[in-house]
1. What's the extension gain from ARG185 to ILE17 if we count 0.36 nm per residue and subtract their Cα-Cα distance?
2. Expressed as a whole number of Å, what is the distance separating the alpha-carbon centroids of region 147-178 and region 45-95?
3. Which trypsin sites (Lys or Arg not before Pro) from region 12-95 combine a DSSP loop assignment with at most 16 other Cβ atoms within 10 Å?
Amino acid sequence: MPRQRLRVGGSTAARGIGRLLVGALGIVIIWYGAMLALLALKVDAEFVNRLSGYRDAYDALAGITVSDISGRDRLVVGIASGVAGLIAGTLAWFAFPRPRLARTAVELHSTTLGATTVAARAIERIAESSAGAHRSVLGARARFDDGTIDLAIRARRARDLPATLREVRDETSQSIRRHGLTVERVDVTVISYDRQTRRELA
């Protein structure tokens, strides 16, 4: 069975921030683990407290009573906890891996001596060139994956969009076939149009 490569998506920035937070937490755990080990080895408690402040922190927290916590304190803690949870959830969402199959070249034909293949980017360039040659298209960007071409175009005139979409789709399909290639579907999406003709939408 042939092996298929996987690409793992997700935000690189979110993963980087998550690693920094995990690294900081790991440093804290290692540090206070070392302090606990020193106490277990009968190192002077005052010396350990000067290094870590564990006893001062414990005394400060142990001395807090219910009357010391006001409604404003609870509100601040609640808001801070909500913001922290929202940030953590957002980072987790963007950092969550989204595996997908890596794009592979399209095989045209094969013999005992080898195979003739076309890279996915070459197919995308064919689609972009065909779409860019249309009189109503200012620019195009194609993505070929799983037998489908997703073509994003920037249109010249808003009022001609329906006809432009049909013509670009048909001309791109014909261009693909002229190169001896086949695709399952060509999807055309308008991502913007020329702002100088924005009044044509009215």
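We did not get these values from a lab; they are worked out from the coordinates using the rules stated. From a predicted model like this one, the values you see are computed outputs, not experimental measurements. When we count neighbours, we look across all protein chains shown, and the Cβ atoms used for this are built from the backbone with ideal geometry, even at glycine.
1. 56.6 nm
2. Here the two parts' Cα centres lie 57 Å apart.
3. LYS42
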